[in-house]
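Comments concern the structure below.
Each value in this text was obtained by applying a stated rule to the coordinates, not by laboratory testing. Quick caveat: nothing in here was measured; it's all calculated off a predicted structure. As a convention, Cβ positions derive from the backbone with ideal geometry for all residues, glycine included, and neighbour counts pool all protein chains shown.
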Amino acid sequence: MRILVTGSAGHLGEALVRTLRNTTHDVIGIDMLSSPFTTHVINIANRDQLREIINGVQVVLHTATLHKPHVSTHSRQAFVDTNIMGTLNLLEGAVAGGVEAFIFTSTTSAFGDALTPPANAPAAWITEDVRPVPKNIYGVTKTAAEDLCELFHRTHGLSCLVLRTSRFFPEEDDNAETREAYHDTNAKTNEFLYRRADIEDVVNAHLRAIERAPAIGFARYIISATTPFTLSDLPMLRTNAPAVVKQYFPDYEEEYSLRNWRMFPSVDRVYVNTRARTDLGWNPKYDFRFVLDRLKAGDDPRSSLAQAVGSKGYHRNSETMP
């Protein structure tokens, strides 16, 4: 099978190409940046170049995007050009080229303000049924691109699955208060309880989506580590998260104490991956229990794939952004 990966110089794009190169599939990586994982250096806004490359492709894995950190460095038009027009060009090329499955990498950031409940309210229980309330141009363009995928499924019969991925990047937290208050690995380990995934699990979700897309047709899925929490935990998670975590993991405090780590005092949302596990047959390995056990054993909590891809940062110059 010939598979096209967009954004092949980025975190997820590289991880997908690395993984697919170890299979019998023929993988093509495209990006605006040259890299060992990029076959063609092109801009997804270039419709003609895309048409030539998509010809003969069976699957498109569309990861190329302008990210949330670019909101402060790129114009709103740049977001529209890359995230909406680039996706439209790919969808049109996919239909013209007879692509069998189109997998669009979206983000849980698309939920926007729906992720933050009012003061004194329980933590938000985030499933695919929650209506997004985008709070910036990033969220607006990602939800618009999702809608384009749905439109092309409905009008052209293109099998399109949207994967709303939670945090998997290795860079430091974008919140200055979190960076100052918590060791980076401490913060990321905490997040595996409710809003983070390892890139190995994210890649596996994409591979499962390839297999399941023709039968499903169109759907949106949250891709995040499996949370231990239930609906009944939401009120206390907002007011005393450490107490809730201790109920599920009585041993976490000792390990955290040895490292001078702390649990977040409050959790404001919980991502629920039940639909992805059920529909895609996806079995994510990296959850809080798995990561905690690796830490206790003195092992790196990251997958070997996450370690291999490493940290890339985010391109600052819009002229070189994939």
Compute the length gained on full extension between Arg154 and His40: take 0.36 nm times their separation in residues and subtract their Cα-Cα distance, giving the result in nm to one decimal.
38.0 nm
Gained length - Asn120 relative to Thr274, 0.36 nm times residue gap less alpha-carbon distance
52.8 nm
Lys, Arg +1 and Asp, Glu -1 on Cβ, resulting dipole of segment 150-285 about Cα centre, debye, nearest 20
640
Taking amide H positions as placed 1.01 Å from N in the peptide plane, with prolines and chain starts having none, which residues 5 or more places from Ser106, or on another chain, fall under 5 Å of its amide H?
Leu163, Arg164, Thr165
With the charge dipole of the chain built from beta-carbon charges (+1 for Lys and Arg, -1 for Asp and Glu) about the Cα centre, the Cα from Phe104, His25, Leu50 projecting farthest to the positive end belongs to Phe104
State the volume of the convex hull built on the alpha-carbon positions of the chain, expressed per residue in Å³ and rounded to an integer.
127
Could you state the number of Å between the C-alpha centres of segment 61-130 and segment 172-195?
23
Give the angle, between 0 and 90 degrees and rounded to the nearest 10, that separates the Cα long axis of helix 234-248 from the longest principal axis of the Cα atoms of the chain.
80
Multiply the residue separation of His183 and His25 by 0.36 nm, subtract the distance between their alpha-carbon atoms, and state the gained length in nm to one decimal.
52.9 nm
Give me Asp31, Asp26, Asp299 ranked fewest to most by other Cβ atoms within 10 Å of their Cβ, as a rough exposure proxy.
Asp299, Asp26, Asp31
Cut-off 10 angstrom, C-alpha nodes, Gaussian network model of the chain. Which of Arg167, Arg220, Arg131 fluctuates the most?
Arg131
Under a point-charge model restricted to the Cβ atoms of Lys and Arg (+1) and Asp and Glu (-1), what is the dipole moment magnitude of segment 2-111 relative to its Cα centre, in debye to the nearest 20?
200
Positive dipole terminus of segment 137-186, leading residue within Ala145, Ser166, Thr185 (C-beta point charges):
Ala145
Suppose only helical runs count, i.e. DSSP H with n ≥ 4. What mean residue ellipticity at 222 nm does that imply for the chain under -39500 (n - 2.57) per run, divided by all residues and rounded to the nearest 500 deg cm²/dmol?
-12000 deg cm²/dmol
Check which residues have an amide H placed less than 5 Å from Val27's amide H, if you skip close sequence neighbours.
Ile3
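Order 177-189, 91-103 from most to least packed using the mean count of other Cβ atoms within 10 Å.
Values: 177-189: 15.4, 91-103: 20.2.
Averaged packing, sorted descending, gives the order 91-103, 177-189.
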If one compares the long axis through the Cα atoms of helix 86-97 with the longest principal axis of the Cα atoms of the chain, the angle in degrees, nearest 10, works out at 50
